[in-house]
Structures are given as C-alpha cells and as structure tokens.
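Down below is the structure, laid out as structure tokens.
The values are calculated or read from the model by the stated rules, or taken from the named source; none is laboratory data. Small disclaimer: the values here were computed from a predicted structure and weren't measured. Ideal geometry is used to build each Cβ from the backbone, glycine not excepted, and the neighbour counts take in all protein chains shown. These accessible areas exclude ligands, DNA and RNA; they are computed on the full protein's heavy atoms, side chains included. Shrake-Rupley method; radii C 1.70, N 1.55, O 1.52, S 1.80 Å.
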Amino acid sequence: MKAEYEIIHPDAGSSFRLLNDRVSAEQYKWQYHYHPEYELVCVIEGSGTRHVGTHISNYKDGDLVLMGPNLPHAGFGLNSHGIHEEIVIQVKEEVFNESVIRRPEMAAISDLLERSKHGICFTNYTREIVTNRLVQLTKLPPFEKYLELLS
C-alpha cells in the first residue's frame, strides 16, 4: 500500500490543529498517509485496527498513540464498528523546535519526541490521564490550549 502525502493546516489563530470527531464506523474515512507534523491520536470510543509504519495491530476500547513526522499511518477507524470518536492533535515540528527541543527543562520531552518517530502506544494510567486532559483541552480558548499542549 502506498502512503499518500497529506497537507495539514493549523487551526485559525493556533500553531497546531485539533480535531474532535465522533462518527459511525460506516462514515469513517481512512487513508494510509504521512505528513511532516507530529500527531497524537486519542480514540475516546471505539475499537479497530492501528496501522503505524510497518506495525499493524488491533486496539479495543480506546487508544493513544504519538507518531513522529513523516511516519506513515492509517486512520484509526480502520475496521471499526459502531461509534468511533477520537481527538487528534497535529503539530508542526517547528513548534516543538522553538518551544521545547532547545530548553534544558524539556530534555525528557525531547527524548519522547525522538522516540515518536517510530510511534509510541500509551496504555493504562497514562492513556487514562492523557485522554481526560485531551477532552478538557477541546473546551479551552486558544492560549490555554497551547499551554495545555505543552503541559
């Protein structure tokens, strides 16, 4: 399967894109693609197939995956049934380069971003905490969204 290049535009007045979609599995559109942005996918509700890079596996009752720039992946609604809800954050590499990578306080985050180039699946406690924070993030005004993203 050939990955298609996807162009991502940040939300108006924001340095990143935030999506929150809830659709039936039949309406879900997926495509194997890549883009230069980091992407955090949080499946709030649903089960399906996760295809990140050369790794294919199934998830059940939610998922949380961080993918680095240019890592091919399919939409996480692939092979889903019923309702599929997810929150997706897409951030250009430059945003992290300017606000994170060069800061000594952010060494652990820099390491995390480096490891994300192969994809990272978070489980259990981390998935639960981050999922709750992402749900709250969707309700914040732009400046607070940015601060919460960094947090």
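Observations
- Leading residue by the ranking (modelled with the highest pLDDT) among those in the stretch 22-39 that are within 9 Å of His84 (Cβ to Cβ) and surrounded by fewer than 14 Cβ atoms within 10 Å (Cβ to Cβ): Arg22
- If only residues of the stretch 47-67 that are among the aliphatic types (A, V, I, L, M) and farther than 17 Å from Tyr32 by Cβ are counted, the one that is most open to solvent (accessible area, probe 1.4 Å) is Leu66.
- Applying the set (1) modelled with pLDDT of 90 or more; (2) exposed (fewer than 12 other Cβ atoms within 10 Å of the Cβ) to Gln90 leaves exactly one unmet item: (2).
- Within the stretch 137-151, being charged (D, E, K, R) and either touching a residue at least 40 places away in the same chain (Cβ under 8 Å) or under 16 Å from Met106 (Cα atoms) (or both) holds for Lys145, Glu148.
- Any pair with Cβ under 7 angstrom, 6 or more apart, that starts in the stretch 91-108 at a residue that is closer than 19 Å to Ile7 by Cβ and in contact (Cβ under 8 Å) with a residue 12 or more places away in the chain and ends at one that is open to solvent by less than 70 Å² (accessible area, probe 1.4 Å) and small (Gly, Ala, Ser): Val95/Ser15
- Residues located in the stretch 128-151, provided they are open to solvent by 70 Å² or more (accessible area, probe 1.4 Å) and assigned to a helix (DSSP H, G or I): Glu128, Asn132, Arg133, Gln136, Pro142, Phe143, Glu144, Leu147
- Beta carbons closer than 6 Å, at least 6 apart along the sequence or on distinct chains, pair a first residue in the stretch 40-63 that is under 15 Å from Gly82 (Cβ atoms) with a second that is of a type in the set (Lys, Arg) for Ser47/Lys60; Tyr59/Arg50.
- Only a single criterion out of (1) open to solvent by 50 Å² or more (accessible area, probe 1.4 Å); (2) part of a strand (DSSP E or B) is not satisfied by Glu85, namely (1).
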